[in-house]
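Notes follow once the structure below has been shown.
The values are calculated or read from the model by the stated rules, or taken from the named source; none is laboratory data. As the structure is a computational prediction, the values presented were derived from the model and not from experiment. Every residue, glycine among them, receives a Cβ derived from its backbone with ideal geometry; neighbour counts consider all protein chains shown. The protein model used for the area step is the full one, side chains on, heavy atoms only, and it has no ligands, DNA or RNA in it. Shrake-Rupley method; radii C 1.70, N 1.55, O 1.52, S 1.80 Å.
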Amino acid sequence: MPGVFNLSVDQAVREAQEAHALGVPGVILFGLPEKKDEVATGAWEENGIVQRAARAIKTEVPEMLLIGDVCLCEYMSHGHCGIVEGVGSARPLGAAVANPPLAGTDYEILNDATLELLARTSVSLARAGIDIIAPSDMMDGRVAAIRKALDEAGFENTPILSYAAKFASAFYGPFREAADSAPQFGDRRSYQMDGANVREAMREIALDIEEGADMVMIKPAMPYLDVIAAACQRFDLPIAAYQVSGEYAMIEAAARNNWIDRDRVIMESLTSIRRAGASIILTYYAKDAAKLLA
């Protein structure tokens, strides 16, 4: 991903300052911890990398809107978005293990046991200054669990931007490499969505809204413009779309080979997402777009 880097906390502050100066209203934070384990400790500990970055950015750029991605894959040693248990093992539900299951063996993603970690992560991020909680794990019931935990912790007014329709996509490849979050075995198709099934996407969005989501996200963006359009016609709340790493990488690769006009394609791709109905766009081109629009 040319021009995109993993940043230290001080560099993240400078990046936020530059983005704010260009008129970018918000940033979303992802974390890459020093250590990973089987219960995603780095995601919910009070001194986690995202928590430290949020506090630092809010100190220097208090006007910047901070969105906190809530997923466990970057913090799990096995790279899945939830607690893993080998099928038929003697381990209790959610128990930490020294070695996760190997490729080719049976395993299970423990949905309900994962909800506690997602809720704990959300409260920790809100305490650190995150303005919007954005769960992207695709566990069933996570919005209700997070809403309950936030309310009980005194964050009743902290909104939830749910990745309600996150498809099992090949377009995530560059991000997974950068975040070292690719699954060490199996894949995520058991909890991410089938790209051929738009009706399931509508059901998932409706369920998250019922559970208390204030906004919903569709990811990826350009391969799913029809889903964005369908969601905007059906649901009366803000719809966000995420122009993901693979979309970015393809544009950059074509531009570097002089096959396309980079600036025009950036704006054309973002316009297509907006035309489909998205009122919020997450994109690696935010600063480029701000400069082109100035």
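May I ask you to verify whether Ala230 is assigned to a loop (DSSP other than H, G, I, E, B), at pLDDT 95 or above and open to solvent by less than 40 Å² (accessible area, probe 1.4 Å)?
no
The set of residues in region 22-75 that are among the polar types (S, T, N, Q) and at pLDDT 90 or above comprises Asn47, Gln51, Thr59. Residue pairs whose Cβ atoms lie under 6 Å apart, sitting 6 or more positions apart in sequence or on different chains, and linking a residue in region 56-71 that is on the phi < 0 side of the Ramachandran plot to a partner that is of a type in the set (Val, Ile, Thr) and open to solvent by 30 Å² or more (accessible area, probe 1.4 Å), are Ala56/Val9; Ile67/Ile28; Asp69/Ile28. Examine region 209-228 for a residue that is among the small types (Gly, Ala, Ser) and more than 19 Å from the chain's Cα centre (by Cα), and state whether such a residue exists. No, there is no match, as no residue in region 209-228 is among the small types (Gly, Ala, Ser) and more than 19 Å from the chain's Cα centre (by Cα).
Scanning region 267-282 for residues that are closer than 13 Å to Met215 by Cα and either polar (S, T, N, Q) or surrounded by fewer than 16 Cβ atoms within 10 Å (Cβ to Cβ) (or both) yields a single hit, Ser279.
For region 31-49, the set of residues classified as crowded, with 19+ Cβ neighbours inside 10 Å and either in contact with an Asp or Glu (Cβ under 7 Å, 6 or more places away or on another chain) or free of Cβ contacts under 8 Å to residues at least 24 places away in the same chain (or both) consists of Gly31 only.
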